[in-house]
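Scroll down for the structure; my scribbles are underneath it.
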């Protein structure tokens with residue numbers, strides 16, 4: 001969504017998302033996480 005000005009490359013973003021998804025368990029149920037596993041308040 002940021003094109004050439006995006007803060008992350010597609011490769012970095014996706015690899016971080018995959019790592020985050022692999023670590024998810026029931027302790028994060030109901031939480032919103034960003035690409036690197038940090039909780040996004042809502």
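The values are calculated or read from the model by the stated rules, or taken from the named source; none is laboratory data. All figures in this text were calculated on a predicted structure; none of them were measured in a lab. All Cβ positions, even for glycine, are placed from backbone atoms using ideal geometry, and neighbour counts span all protein chains on display.
Cβ separations smaller than 6 Å between residues 6+ apart or across chains give the following pairs from the stretch 22-35 residues that are under 20 Å from residue 8 (Cα atoms) to residues that are modelled with pLDDT of 95 or more and exposed (fewer than 10 other Cβ atoms within 10 Å of the Cβ): 32/40; 34/40.
Listed here are the residues, each with its yes/no results for (1) in a loop (DSSP other than H, G, I, E, B); (2) surrounded by fewer than 11 Cβ atoms within 10 Å (Cβ to Cβ); (3) in contact with a helix residue (DSSP H, G or I) (Cβ under 6 Å, 6 or more places away or on another chain); (4) at negative phi.
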site	(1), (2), (3), (4)
11	no, yes, no, yes
14	no, no, no, yes
19	no, no, no, yes
27	no, yes, no, yes
30	yes, yes, no, no
37	yes, no, yes, no
